Amino acid sequence: MPRYFDIRTTVLLVVGYGILAEEEDRPVAYELKRAINSRSEGADNRSAVVVTDMWMLNQEMAEMFPAVAVGGPAVNAFTAQIYEDLPIAFTRDQQVFIQMNQDRGKRAALWGMDQRGTREAAELFAKDGLLDRFLELVWPRPV
């Protein structure tokens, strides 16, 4: 049976296409995927999928999905495309960045000046309530 990806509720976790991003950021994205899937409350249409920035930038329908960029603009073309337009929700010492609009929107960027900073951004996003806020914005409440 083919898997169905709902363009409104399947969260794309976008990593860069390249050796460094694959090696360092993809494991972080899969940890975030587990955190998102654990919050789905059993709903089949609420999940996360890890994709590359090249898929994200080359698929017309990709803009309809909620998406979280993992990795900085130097290694992730999707981050480079969105980070200037996203407000900073958290930063530490110009090394760790979490960007998202906490009132509306379906984009977030988690990155650092190095791999340790990117991992820290993703961990803080998942543990300090920003992931939950993001999911509130993109997952409609049942009526």
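The values are calculated or read from the model by the stated rules, or taken from the named source; none is laboratory data. Nothing here was measured: the structure is a model prediction, and the numbers come from that model. Heads up, the Cβs are rebuilt from the backbone with ideal geometry, glycines too, and the neighbour counts pull from every protein chain shown. SASA here: full protein model, heavy atoms, side chains in, ligands and nucleic acids out. Shrake-Rupley method; radii C 1.70, N 1.55, O 1.52, S 1.80 Å.
Points worth noting:
- Only residues that are of a type in the set (S, T, N, Q), open to solvent by less than 30 Å² (accessible area, probe 1.4 Å) and either in contact (Cβ under 8 Å) with a residue 24 or more places away in the chain or more than 18 Å from Ala80 (Cβ to Cβ) (or both) were counted across region 94-108, and they come to 0.
- Residues located in region 133-143, provided they are part of a loop (DSSP other than H, G, I, E, B) and either aliphatic (A, V, I, L, M) or open to solvent by less than 60 Å² (accessible area, probe 1.4 Å) (or both): Trp139, Val143
- In summary, Trp111 fulfils each of the numbered conditions (1) closer than 17 Å to Phe65 by Cα; (2) assigned to a strand (DSSP E or B); (3) open to solvent by 20 Å² or more (accessible area, probe 1.4 Å) with the single exception of condition (1).
- Whichever residue in region 1-56 is of a type in the set (D, E, K, R) and under 17 Å from Ala74 (Cα atoms) and, among such residues, is surrounded by the fewest Cβ atoms within 10 Å (Cβ to Cβ): Glu23
- Qualifying residue in region 116-132 (condition: surrounded by fewer than 18 Cβ atoms within 10 Å (Cβ to Cβ) and under 15 Å from Ala69 (Cβ atoms)): no
- Test: residue in region 92-103 that is among the β-branched types (Val, Ile, Thr) and part of a helix (DSSP H, G or I): no
- Exclusive hit being within 22 Å of Arg133 (Cβ to Cβ) and not in a helix (DSSP H, G or I), set Ile82, Ile7: Ile7
- Ala43, sole failed condition from (1) of a type in the set (A, V, I, L, M); (2) closer than 20 Å to Arg133 by Cβ; (3) modelled with pLDDT of 95 or more: (3)
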